1. With respect to the numbered conditions (1) of a type outside the set (Lys, Arg); (2) part of a helix (DSSP H, G or I); (3) in contact (Cβ under 8 Å) with a residue 60 or more places away in the chain, which one is the sole condition not fulfilled by residue 154?
2. With a cut-off of at least 2 residues that are surrounded by 24 or more Cβ atoms within 10 Å (Cβ to Cβ) and touching a Cys at 6+ places or on another chain (Cβ under 8 Å), name the helices (runs of 4 or more DSSP H) lying wholly within the range 25-119.
3. Output yes when any residue across the range 218-229 is buried (at least 22 other Cβ atoms within 10 Å of the Cβ), polar (S, T, N, Q) and in contact with a Lys or Arg (Cβ under 8 Å, 6 or more places away or on another chain), and no when none is.
4. Determine if the range 334-354 includes at least one residue that is assigned to a helix (DSSP H, G or I) and touching a strand residue (DSSP E or B) at 6+ places or on another chain (Cβ under 9 Å).
5. List the residue pairs whose Cβ atoms are under 9 Å apart, where the first residue sits in the range 396-420 and is more than 27 Å from residue 360 (Cα to Cα), the second is β-branched (Val, Ile, Thr) and not in a helix (DSSP H, G or I), and the two are 6 or more positions apart or on different chains.
6. Kindly indicate which of 262, 250 is within 24 Å of residue 363 (Cβ to Cβ), surrounded by fewer than 24 Cβ atoms within 10 Å (Cβ to Cβ) and touching a Leu at 6+ places or on another chain (Cβ under 7 Å).
7. How many residues does the range 176-229 contain that are among the hydroxyl-bearing types (Ser, Thr, Tyr) and either touching a residue at least 40 places away in the same chain (Cβ under 8 Å) or within 29 Å of residue 374 (Cβ to Cβ) (or both)?
Amino acid sequence: MVVVEVGLDKTDNSEEISSGVKKAVIGAAIGNMIEWFDYASYGYLAVVIAAVFFAPGNETAALLGAFGVFSVSFIVRPIGGLIWGHFGDKIGRKKVLVLTISIMSLSTFAIGFLPSYAAIGVIAPLLLLVCRLVQGFSASGEYAGAASFISEYAPNSRRGLLVSMVPASTAAGLMLAVVVVSLLEFNLTKEALYSWGWRIPFLLSAPLGIIGLLIRLKLEDTPIFNEMVRSNKAPKTNIFQGVHQNRKQVMIAFGIICLNAVGFYTILSYMPTYLTKELGFSITTGILITLVSLGTYILILPFVGMLADKIGRKPVLIGASLMFVVFTYPAFWLLSQGGVYAVLALVMLGFVLAGNDGVLATFLTEMFPTSVRFSCFALSFNTGNAIFGGTAPLIATFLIAKTGNTFAPAYYLMAAAVIAFIFLLMTKETAKEPLREE
């Protein structure tokens with residue numbers, strides 16, 4: 001196996017190398033945060049969106065419709081992952097990251113101008129679906145691109161810590177969305193929120209997107225990608241051949257990702273709706289309590305990254321899978337008790353989720369060679385999220401409606417943890433090794 005030392009250019013001094021790594025982390029992370037603020041706004045306003053864009057009379061059906069649109073938009077993510085991954089491996093990580101944030105911001109901005117169901121009937125949810133499909137397409141290149149970008153700058157011994165800034169920035173975007181939605185809930189009447197207030201987070205995507213775009217335009221592409229181009233080692237096979245040559249790793253990655261997908265969208269996206277609709281919390285309380293889980297998640301992520309740099313990726317990921325199996329049901333029971341118990345439950349869930357997410361992106365970048373890193377990462381990650389992640393709120397709502405058991409999402413999350421554990425047993429340790437070149 002041929003490898004390349006990451007972030008070490010013998011013509012640069014250590015200070016310049018450190019500066020380059022810092023710029024790469026900030027550029028990828030800030031853009032990712034802005035992009036996921038756009039994406040999360042939909043999830044946190046799901047109850048309002050259900051009332052605005054779907055026929056009145058049946059709240060459960062409307063909410064299923066809102067989450068259905070959320071889920072259907074994930075269908076394009078594997079396709080988008082292949083396309084963005086192909087161009088990311090072909091023309092560069094930076095160019096793709098510039099395009100993804102531009103498209104994401106425009107499609108989110110458009111949602112802020114959509115007319116309601118009361119104004120144009122069934123055309124309203126159809127237009128919403130179109131915007132969400134475009135969002136899903138652009139988001140499919142973001143996470144894998146940002147992780148690949150940072151990992152290809154990071155020193156081998158600190159890759160786990162630095163790449164953990166990708167999920168941290170994602171959660172920061174979610175937290176920003178929580179804050180904005182909470183301010184709207186607190187300061188607006190229900191009539192104002194449902195009439196025009198819900199549009200504000202989507203309209204904010206324009207100025208935020210411009211900030212992210214300007215930051216990314218100033219970045220240089222990664223040393224590893226530039227070296228691959230200079231050495232004329234850019235992929236000469238088509239994308240399907242590249243994926244086929246790494247099909248075993250892609251399948252294993254897909255199996256591992258199912259836990260991340262179900263956990264992320266259940267705990268950090270669906271949770272406000274769960275607390276509100278199933279456990280009787282007010283909308284504002286449900287969203288604010290979710291901040292506890294988000295805060296815990298963000299604080300723990302860098303420590304998980306450092307731990308993975310010290311003891312390895314596999315032990316941390318396996319440990320997180322086992323903790324999901326052991327602690328998910330007790331956490332949901334605590335949620336049902338309300339008050340301080342609900343806060344404790346969300347701290348627990350945020351902690352366990354960080355144990356998985358803090359190292360997963362690093363692990364995925366290390367599984368694939370440079371020539372297909374972006375493509376294979378994006379394909380496996382987006383396929384897993386399309387099947388397990390985007391559908392998590394819909395499946396959770398459906399399972400509760402069918403079984404009458406408010407703990408149904410806990411069982412689903414525990415099943416995903418078992419699947420991830422099994423696939424992790426098929427992997428080998430990748431910590432402290434240079435990234436694969438071929």
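Each value in this text was obtained by applying a stated rule to the coordinates, not by laboratory testing. These numbers were taken from a predicted model, which means no experiment stands behind them. Glycine also receives a Cβ, built like all others from the backbone with ideal geometry; neighbour counts cover every protein chain displayed.
1. Result: residue 154 fails condition (2) only.
2. 93-111
3. yes
4. No, the range 334-354 contains no residue that is assigned to a helix (DSSP H, G or I) and touching a strand residue (DSSP E or B) at 6+ places or on another chain (Cβ under 9 Å).
5. 400/406
6. Unique residue meeting the criteria: 250.
7. Total satisfying the criteria: 4.
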